[in-house]
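Undergrad: Could you have a look at this structure, given as structure tokens, before my questions?
The values are calculated or read from the model by the stated rules, or taken from the named source; none is laboratory data. Given the structure is predicted, the values throughout are model-derived calculations rather than measurements. Here the Cβ positions follow ideal geometry from the backbone for every residue, glycine too, while neighbour counts run over all protein chains shown.
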2 protein chains.
Amino acid sequence: MKPTIYDVAKKAGVSIATVSKVINQTGRISEKTIKKVNEVMMELDYQPSSVAAALTGKKTYTIGVLVPDISNPFFAEVARAFENSARAAGYTLFLCSTDHQTAREHEYIDLLFKKQVDGIIIATELNDTKLVKKIVKHDVPLVLFSVDHPSISTHVVTIDNVRGGYIAGAYLIEKGHQSVTIMTEKDRKSSEGRLEGFKQALTEANISLENQSIISCYSTVEDSRRASKQLLSLPNRPTAVFACTDLIGVSLINEARKQGLSIPGDLSVIGFDNTIYADIAEPGLTTIEQPISQMATSTFEQLLKSMKKEEHAKQRVTIIPELVERASVKKL
Amino acid sequence: MKPTIYDVAKKAGVSIATVSKVINQTGRISEKTIKKVNEVMMELDYQPSSVAAALTGKKTYTIGVLVPDISNPFFAEVARAFENSARAAGYTLFLCSTDHQTAREHEYIDLLFKKQVDGIIIATELNDTKLVKKIVKHDVPLVLFSVDHPSISTHVVTIDNVRGGYIAGAYLIEKGHQSVTIMTEKDRKSSEGRLEGFKQALTEANISLENQSIISCYSTVEDSRRASKQLLSLPNRPTAVFACTDLIGVSLINEARKQGLSIPGDLSVIGFDNTIYADIAEPGLTTIEQPISQMATSTFEQLLKSMKKEEHAKQRVTIIPELVERASVKKL
DNA sequence: ATGAAAGCGCTAACAG
DNA sequence: CTGTTAGCGCTTTCAT
């Protein structure tokens, strides 16, 4: 059997309380016993059970994270950023992929409650506001990451999608493009914001965006390929396209080249996210960066604060995305 | 406060033992009380604490997974596959990115012990065999995923890297290539196997592989780009290259194109892994597939078995990788 | 069919 | 400075 605190206490000739104190460095104990106890713990290769510690009313030092799909490179990077913050603060993460399925979301949240997580981060767009209400009701600290929902009042860390879309639009215009369009990500609120900002930029420059030319797709290899073909077969092909995710942008570049177009010679493309896709694309994809690690750090800080029960006002942190220039947009 | 089993018992007018029994569906209780108790649990929105349950000697239903880096798309896919199996079996995962750092590995393993995980999956090449010994000593069920180490006797699920390398080599030869080389992944045992198999295939066809032409790099965007340039500047550029990871393969394709070469017209490339990189490459990257989800399923099954203490012999499952043809290799 | 009671391994007063 | 003791929320005999 694994050694317990009793085994250590007995072998060290002290009480379990003393052992507990040296483990947690609480109370005052003589250097001598500290040393003795530590020695015994080494000998026994003793690891205090955090399960038992958690039961005693303390925390589990565990955080639940909901993402749509951890195998999506964007969320894989997000998860990694959270993991870094968590490790630094002594927490471990339960990563949960929901595939945007409401049932799965509820299933996982219930599971996280059972596992007594100290806090929850939701990094997936919610179809169902009930989820948040449920969490709030259970009084588990919660922060939303990159998710916006007007009806919700919790801590939120997002990027300004409208601003991001605007930056993309303004950039294309600045480069002299007059005939532009956008490929949006289907069913995503974030995409709506990007579209809105993009439109704003065009309007300011007196450029119109015909609704028929707006192409919508899921951010998957297959569907963005399909959509790219669709876009390329448009009667008046634009000179520049804003793709609402890097994956869509890369697909478009690939399809265009397959059809003999040169990028950015014949078609300029700007993406969104600045994931590894943008980096490995050829030519490199100019894109709007979501500063993932900065956002994750900020999210975790918020969570840490709420977990400390410092009743601070609900904060809504909005980060301004930035343009990352590579080589996929040409100056006309 | 969160309701406990006592709250439920009191409100339902029964003992906690009875409540426990209806929760776990153990023992025999009348339909009537079952119904009553369930109703109360609903009303109270009661979630049994798995922390407390775990303390009672039961399991935590938690598995620790060590990977080098969850933000690496290959391991993100692996993690997702594990998550699927885990969810189906009622387990949650602690995902741990070690960045191949021995200290981090030990740190995480100790943490997992403290958290009382029911089992551990190691999906990262070990520098330090002590780690495995430590886990075995603590008597925590363990399965190695895609990691081979002769000095270790635990359950292992891997692919046959030698075979994979051989398939890649044989394929290039079959396509008529005589002048070929390989880009290996630095510091990885898996890559050594692939190289070995590749060499075998060449030898059988009486083709020699000059050691100078073997290029080695880390599987990162930057380093594989650097290595690709190096390869392309080789005095006698080969007609075909076997890249030991898809990322390296994609980088090579990109660099080659940048230098005005056409793929596969001027240079054929075959990769390894069949990750999303291969799919989004243009032209699509022909590659050797690691059937991730199949491997993950098998790994999890092994783990489940060892956790059940069914003292079954240590198994070593080796999966044969398969060729996935796309468009990056030309027939000469 | 149901309940009383003894822990699981640890923390946190409270005594000494 | 160190030890005693009472739980934390749940499972599990063992009675009833």
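Undergrad: Identify, by number, the condition in (1) outside any loop (DSSP other than H, G, I, E, B); (2) more than 9 Å from chain B (Cβ to nearest Cβ) that A:Lys134 doesn't meet.
TA: All conditions are met except number (2).
Undergrad: Where residues in the stretch A:97-110 are acidic (Asp, Glu) and more than 7 Å from chain B (Cβ to nearest Cβ), which of them is surrounded by the most Cβ atoms within 10 Å (Cβ to Cβ)?
TA: Only one residue tops the list, namely A:Glu105.
Undergrad: Another question, then. Report the residue count in the stretch B:7-62 for those that are among the aliphatic types (A, V, I, L, M), near DNA strand C (Cβ under 8 Å from one of its atoms) and loosely packed, with under 13 Cβ neighbours inside 10 Å.
TA: Qualifying residue count for the region: 1.
Undergrad: A further question on this structure: Considering the stretch A:116-131 alone, what residues qualify as being within 13 Å of chain B (Cβ to nearest Cβ) and outside any helix (DSSP H, G or I)?
TA: A:Gln116, A:Val117, A:Asp118
Undergrad: Now for a different question. From B:Ala17, B:Ala89, B:Ala9, which residue is of a type outside the set (S, T, N, Q), out of contact with any Asp or Glu (no Cβ under 9 Å at 6 or more places or on another chain) and under 30 Å from A:Pro73 (Cβ atoms)?
TA: Exactly one residue qualifies, and that residue is B:Ala89.
Undergrad: Return the residues of the stretch B:73-84 that are under 24 Å from A:Ser293 (Cα atoms) and touching a residue at least 24 places away in the same chain (Cβ under 8 Å); say none if nothing qualifies.
TA: B:Pro73, B:Phe74, B:Phe75, B:Glu77, B:Val78
Undergrad: Could I ask something else about it? Just to be sure, is A:Thr60 within 14 Å of another protein chain (Cβ to nearest Cβ), under 30 Å from A:Ala296 (Cα atoms) and within 16 Å of DNA strand D (Cβ to nearest atom)?
TA: yes
Undergrad: With respect to B:Leu202, determine if the residue is more than 19 Å from B:Ile167 (Cα to Cα), away from chain A (no Cβ under 14 Å) and in contact (Cβ under 8 Å) with a residue 12 or more places away in the chain.
TA: Here the answer is no, as B:Leu202 does not meet what is asked.
Undergrad: Looking at the stretch A:1-15 only, could you name the residues that are touching a residue at least 12 places away in the same chain (Cβ under 8 Å) and under 30 Å from B:Ile5 (Cα atoms)?
TA: A:Lys2, A:Pro3, A:Thr4, A:Ile5 - these are the residues of the stretch A:1-15 that are touching a residue at least 12 places away in the same chain (Cβ under 8 Å) and under 30 Å from B:Ile5 (Cα atoms).
Undergrad: In addition: Please go through the stretch B:35-48 and give me each residue that is within 14 Å of chain A (Cβ to nearest Cβ) and more than 8 Å from DNA strand D (Cβ to nearest atom), ordered by number.
TA: B:Met41, B:Met42, B:Glu43, B:Leu44, B:Asp45
Undergrad: Condition test on A:Phe113, is it in a helix (DSSP H, G or I), crowded, with 19+ Cβ neighbours inside 10 Å and not small (Gly, Ala, Ser)?
TA: Judged against the criteria, A:Phe113 is a match.
Undergrad: Return the residue satisfying two criteria in turn: it lies in the stretch A:227-261 and is within 14 Å of another protein chain (Cβ to nearest Cβ) and of a type in the set (D, E, K, R), and of such residues it is nearest to B:Ile276 (Cα to Cα).
TA: Step by step, filter the stretch A:227-261, then rank; the result is A:Asp246.
Undergrad: Among the residues of the stretch B:143-159, what is the count of those that are buried (at least 23 other Cβ atoms within 10 Å of the Cβ) and in contact (Cβ under 8 Å) with a residue 60 or more places away in the chain?
TA: Number of matching residues: 6.
Undergrad: Please state which one of B:Phe75, B:Phe82, B:Phe94 is at pLDDT 95 or above, buried (at least 23 other Cβ atoms within 10 Å of the Cβ) and within 9 Å of chain A (Cβ to nearest Cβ).
TA: Residue meeting the stated conditions: B:Phe75.
Undergrad: Something else about it: For the stretch A:16-67, how many residues meet the condition of being of a type in the set (Val, Ile, Thr), free of Cβ contacts under 8 Å to residues at least 40 places away in the same chain and closer than 30 Å to A:Glu107 by Cα?
TA: Count: 2.
Yes/no per residue for (1) near DNA strand D (Cβ under 7 Å from one of its atoms); (2) of a type in the set (Ser, Thr, Tyr); (3) more than 25 Å from B:Ser49 (Cβ to Cβ):
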position	(1), (2), (3)
A:Val14	yes, no, yes
A:Ile23	no, no, no
A:Thr33	yes, yes, yes
A:Ser50	no, yes, no
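Undergrad: Quick one: is B:Arg87 at the interface with another protein chain (Cβ under 7 Å from one of its Cβ atoms), free of Cβ contacts under 8 Å to residues at least 12 places away in the same chain and out of contact with any helix residue (DSSP H, G or I) (no Cβ under 6 Å at 6 or more places or on another chain)?
TA: The answer is no for B:Arg87.
Undergrad: Then there's this: Being under 23 Å from B:Thr62 (Cβ atoms), crowded, with 19+ Cβ neighbours inside 10 Å and small (Gly, Ala, Ser) is the filter here, so list the residues in the stretch B:283-332 that pass it.
TA: Within the stretch B:283-332, B:Ala296, B:Ser298, B:Ser306 qualify.
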